[in-house]
Amino acid sequence: MVTSGKSVGVPKLNRPELEAACEDFSNIINTFPSCTVFKGTLSSGVEISVVSTAILSLKEWPKSSETCFRKKIDSLSRVNHKNFINLLGYCLENQPFMRMMVFEYAPNGTLSEHLHLKEFEHLDWAARMRIIMGVAYCLQYMHHDINPPVAITDMRSDTIFMTDDYAAKIADVGIWKEVATKAKTAKEDSSSRSECPPDITSNVYCFGTLLIEIISGKLPEADDQESMCNWAAEHLKGKSYSKLVDESLKEHNANELEAVCEVIQECIDPDSDQRPTMRDVTRKLRQALNISPEAATPRLSPLWWAELEILSAEAT
């Protein structure tokens with residue numbers, strides 16, 4: 001079920017084109033300990049985001065990091081979904097050292113900013129339900145329609161981006177931390193070790209905690225989803241669902257809230273074997289929320305493929 005246009009992988013792009021697109025890599029939109037994110041504009045006017053490792057030389061980049069990087073390109077190149085920040089290409093050069101991935105650009109900030117910062121557009125109940133369905137459809141596609149399945153290693157509200165019309169787009173950012181960790185532990189790394197299979201049930205748990213954050217507007221504590229789940233679990237047990245609703249919301253739909261809360265309860269089950277599949281989750285939510293896959297996706301589709309074919313031809 002993988003779309004043929006991307007099943008063969010994504011193009012290798014050349015440095016000069018990306019340098020020009022990102023204004024000599026001066027157009028920084030975010031910096032993390034393990035990577036830097038640049039905004040770029042291709043010559044056609046299409047906007048891209050370019051993520052570059054913080055590692056600066058080949059000496060600090062062991063074989064295990066290279067393997068991890070290439071495997072990620074391979075797995076992300078198999079994902080082609082309108083609610084995903086799709087991988088468009090990569091750049092791999094040793095002189096000067098460069099490892100970059102090129103993604104679609106979502107212009108409207110992150111879900112976290114819209115939920116928690118006053119200067120961002122407030123999301124009403126209907127907008128939140130559309131975001132929930134967009135994320136659910138995308139995870140269902142990644143878990144069930146791609147073989148082998150792909151799990152998002154680090155899914156949070158600040159790794160979900162908003163399009164112009166407030167559709168959700170999930171980004172996979174876990175790779176850069178993983179690569180940096182492998183570089184640090186290269187000496188004791190045994191590259192023959194088999195890769196862990198994708199952790200689908202943890203992904204479902206993350207989805208459950210994300211739903212709590214979306215309906216409650218409650219900011220999760222850093223790296224501690226458990227305390228938010230414990231807070232929600234008390235209200236879920238007593239079926240006092242309205243106590244979970246964000247006070248800034250003027251109205252909400254009680255039937256939809258009930259369905260979302262039932263899904264949360266199943267997804268955050270401490271016993272990972274008891275958690276539902278994303279196919280079950282999507283079926284249940286769609287029945288209650290009545291939002292089709294088409295309604296949950298962005299209305300505009302960028303025209304980057306033609307442009308990238310030109311770039312990739314120049315790179316080879």
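On full extension, the segment bounded by residue 126 and residue 97 gains 5.8 nm, given 0.36 nm per residue less the C-alpha separation.
Grouping the Cα pair distances of the stretch 219-268 into 10 Å bins from zero gives a pair-distance distribution of 23, 54, 23, 0 percent in increasing distance order.
The modelled label-to-label distance between residue 242 and residue 292, using points 7 Å beyond Cα along the C-beta direction, is 3.4 nm. Listed by chain and number, the lysines placed with their C-alpha closer than 28 angstrom to that of residue 237 are 218, 250, 284; residues fewer than eight positions away on the same chain are left out.
When 131, 291 are sorted by how many other C-beta atoms sit within 10 angstrom of their C-beta, beginning with the fewest, the order is 291, 131. With all pairs of separate Cα atoms included, the chain yields a Kirkwood hydrodynamic radius of 20.6 Å. With R₀ fixed at 41 Å, the C-beta to C-beta distance from residue 185 to residue 234 puts the FRET efficiency at about 0.55.
Calculated mean residue ellipticity at 222 nm for the chain: -12500 deg cm²/dmol, from DSSP H runs with n ≥ 4 weighted as -39500 (n - 2.57), summed, divided by the residue count and rounded to 500. Exposed loop GluC sites (Glu not before Pro) only (DSSP loop, at most 13 other Cβ atoms within 10 Å): please give the longest stretch of the chain free of them, not including the sites. In the chain, the maximal stretch lacking such sites is 24-118. Shown is the FRET efficiency for residue 262 and residue 12, computed with R0 = 35 Å from the Cβ-Cβ distance and rounded to the nearest 0.05: 0.15.
Each value in this text was obtained by applying a stated rule to the coordinates, not by laboratory testing. Please read all numbers here as calculations on a predicted model, not as lab measurements. Because the Cβ atoms are built from the backbone with ideal geometry, glycine has one as well, and the counts that use them run over all protein chains shown.
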